[in-house]
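Peer 1: Encoded as structure tokens, here's the structure I'll be asking about.
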Amino acid sequence: MDSGKTEIPGTQRDLKIRKKARFKKLLCWLLVDLVVAAVIITLLLYTPGRYNPIEFESGSYKRGEVSSYLTHKLGPAFHNGVQYRKPFELLVTQNGINDIIARADWPMESEGILLYKPAALFVPGIIVLMGTADAKGVEFIVTVELEPKIDEQGLMNLHVAKVKVGAMNLTPIAKMLAKKMYAERLADIPEGINTETIQAKIVASLLNNQPFETVFSIDKKKVRIEKITIEEEKLRLRLVPAS
């Protein structure tokens, strides 16, 4: 007996079921993507608890002025040690180095990104450099961890152990981008650069793990860094006369 209802053929019913299943799967993946995106954004915008840059009050210092720690403590200690022509130790404090770098001409710009509020930390065996990067109004905290080592030949290597944005470890990507940007800058200099300058050697060490000789000259007297020891909030350099 005809009940007046038209039954849906099996193929149409199966098609409806498959469409619903695909929609549920698509919705599930969309939710997963949204959660992952939210987690990534949260990690990128994370501010490490140890980040504590020096905050200068308005009018308390002049842009680019030299730190008294450099002129009255670190500089004289280095100069006096060199004059005696004997091995000596130079102590650099965390507070002192932060006072020096904070008084540089900030903010600085690189590839359209503003960099400011620098901070340095000394933890056993590691130098931690931190700063705020502003990319089109969005602020990120960038952290770079360096492990300086001096080999048996007396050459120093500034190994970049870790690069983080917020709480995300982006070391491989950061190194790749840094090498690319540096290569592009070199290509823009027709005459090339002097690879013997200390700045060029530091860059080569940071980008390519290339060791370099740490010899400095003051008043025609040369001195070499023989040992570097990084402790909690302190960095110790042992320097010896160099011929």
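Taken together, the values in this text are just the output of simple stated rules run on the coordinates, not laboratory data. What you are looking at is a predicted structure, and each value in this text was computed from that prediction instead of being measured. Methodologically, a virtual Cβ is constructed for each residue, glycine included, from the backbone with ideal geometry; neighbour enumeration extends over all protein chains shown.
Peer 1: Could you tell me the calculated FRET efficiency between Lys221 and Ala178, based on Cβ-Cβ distance and R0 = 30 angstrom, to the nearest 0.05?
Peer 2: It comes to 0.30.
Peer 1: Let me check I've understood the local charge: for Gly112, count other residues with C-beta under 11 angstrom from its C-beta, Lys and Arg +1, Asp and Glu -1. What total comes out?
Peer 2: Result for the neighbourhood of Gly112: -2.
Peer 1: Leu207 label point, 7 Å along Cα→Cβ, cut-off 19 Å on backbone N: hits in the range 99-117?
Peer 2: So the set is 109-113.
Peer 1: Something else now. With labels modelled as points extended 7 Å from the Cα through the Cβ direction, what inter-label distance (nm, one decimal) is found for Leu26 paired with Leu45?
Peer 2: Between Leu26 and Leu45, the simple spin-label model gives 2.9 nm.
Peer 1: While we're on this one: Taking the Cα centroid of the range 144-169 and of the range 210-231, what is the distance between the two, rounded to the nearest whole Å?
Peer 2: Taking the Cα centre of the range 210-231 as reference, the centre of the range 144-169 is 17 Å away.
Peer 1: Another question about this same structure. Add +1 for every Lys or Arg and -1 for every Asp or Glu among the other residues with Cβ under 10 Å from the Cβ of Thr214, and state the total.
Peer 2: Around Thr214, the charge tally is 0.
Peer 1: For the pair Arg85 and Met168, what calculated FRET efficiency results from E = 1/(1 + (r/R0)^6), where r is the Cβ-Cβ distance and R0 = 41 Å, to the nearest 0.05? Could the numbers behind the result be given before it?
Peer 2: Values: r = 49 Å, r/R0 = 1.18.
E between Met168 and Arg85, to the nearest 0.05, is 0.25.
Peer 1: Cβ under 13 Å from Val160's Cβ, Val160 left aside: what net charge do those residues give with Lys, Arg +1 and Asp, Glu -1?
Peer 2: Summing Lys/Arg as +1 and Asp/Glu as -1 gives +3.
Peer 1: Oh, and also: Calculated from DSSP H runs of 4 or more alone, at -39500 (n - 2.57) each and per residue, what is the 222 nm mean residue ellipticity of the chain, nearest 500?
Peer 2: The helix-only estimate for the chain comes to -11000 deg cm²/dmol at 222 nm.
Peer 1: If you count, for each residue, the other Cβ atoms within 10 Å and average over each peptide, how do 126-138, 22-34 line up from highest to lowest?
Peer 2: Listed from highest to lowest mean packing, they are 126-138, 22-34.
Peer 1: Mind putting a number on the dipole of the range 68-242 about its Cα centre? Charges go on the C-beta only, +1 for Lys and Arg and -1 for Asp and Glu, and I need it in Debye to the nearest 20.
Peer 2: So the magnitude is around 480 debye.
Peer 1: Suppose each label sits 7 Å from its Cα in the direction of the beta carbon; what would the Ala187-Glu231 distance come out to in nanometres?
Peer 2: A separation of 4.8 nm, rounded to one decimal place.
Peer 1: Using the structure shown, list the pairs from Lys136/Lys180; Lys179/Lys221; Lys117/Lys180; Lys164/Lys201; Lys149/Lys220 with a Cα-Cα distance above 30 Å, or answer none.
Peer 2: With Cα atoms farther than 30 Å apart: Lys179/Lys221.
Peer 1: Taking a ≥ b ≥ c as the square roots of the Cα gyration tensor eigenvalues, with a/c under 1.5 meaning rounded and otherwise prolate when a/b beats b/c, else oblate, which class fits the range 151-236?
Peer 2: Taking the square roots of the gyration eigenvalues as a ≥ b ≥ c, the range 151-236 is oblate.
Peer 1: At q = 0.19 Å⁻¹, what log₁₀ I(q)/I(0) does a Debye calculation on the Cα points of the range 68-242 give, no solvent, two decimals?
Peer 2: The computed values of log10 I(q)/I(0) come out as -1.52.
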